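Just below is one structure, and these are the notes that go with it.
Any read-out appearing in this document is the output of simple, stated calculations on the displayed coordinates, not a laboratory observation. A quick note: this is a predicted structure, and the numbers were derived from the prediction, not measured. Positions of Cβ are generated from backbone atoms using ideal geometry, with glycine treated the same way; all protein chains shown enter the neighbour counts.
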Amino acid sequence: MTPRGYREEELVSNRSSLLIHGGTEDERRSWAQEAARNFDVELVEVRQAADLPGALKQPNGVVFLPDVAKLGRDAQFVILRCLQMQEERPKVVVGLSGGADAALSRGTLREDLHYRLHQAQVDLQKDGLRDLLKQRWARQAEQLAVKAAAAKAAEEKARAAADARRPGTVTRILPKRKTVVAASRKAAPRNAAR
């Protein structure tokens, strides 16, 4: 069977909204945080249906719904309308605690929302994916730590330079030392013509 839709690596870095299911809520959140870092934006997390319309009105960014089944079918309709009608919208990461098929059969996931996102799904229960993600996140955490340390060092250097230039600061300048020339000097002949 050939895979359908986007691959996980594509979904984390493109603007497509998606359904992420399986795994733990922390794993789904970590995935959404990685997507937000790719766009250099803050992650907006929505846990209550009342907060959803405001979050979806922003023209860009990443909105994360930890478990869409807990928001209810009316909130899922709001998400669906946003995906269908709103041309400039944030990347919406729709989380679901269990499998998508199980949620469909229980009626906790709208069929039309599932259909809208069927090409863009990440199943954290897929063999090897969770381990792959944990390794990727560990590498990214190391890279972020190195960048943070470099930024801190640059900030401290800039602060020290600013302190040195601040008025009222005494800067001590030592006199230059004279250099000794070891070559012997011959007297220059005087100009005979006066």
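General remarks:
- The modelled label-to-label distance between L104 and K157, using points 7 Å beyond Cα along the C-beta direction, is 5.6 nm.
- Along principal axes, Cα extents of segment 28-120, largest first, whole Å: 37, 27, 26
- Ordering 115-125, 17-27 by mean Cβ neighbour count within 10 Å, with the highest value first, yields 17-27, 115-125.
- In plain terms, the chain from D26 to D112 could stretch by 28.3 nm, reckoned as 0.36 nm per residue minus the Cα-Cα distance.
- Neighbourhood net charge (14 Å Cβ-Cβ; Lys/Arg +1, Asp/Glu -1) for R89: +3
- Of the peptides 49-58, 95-104, the order by per-residue mean of other Cβ atoms within 10 Å, starting with the highest, comes out as 95-104, 49-58.
- Placing a label point 7 Å from the Cα of R15 along the Cα-to-Cβ line, the residues of segment 88-125 whose backbone N sits under 16 Å from it are 88-93.
- Cα pair distances exceeding 12 angstrom across segment 56-108, given as percent: 66 percent
- Hydrodynamic radius of segment 103-164 per Kirkwood, over alpha carbon pairs, in Å: 16.0 Å
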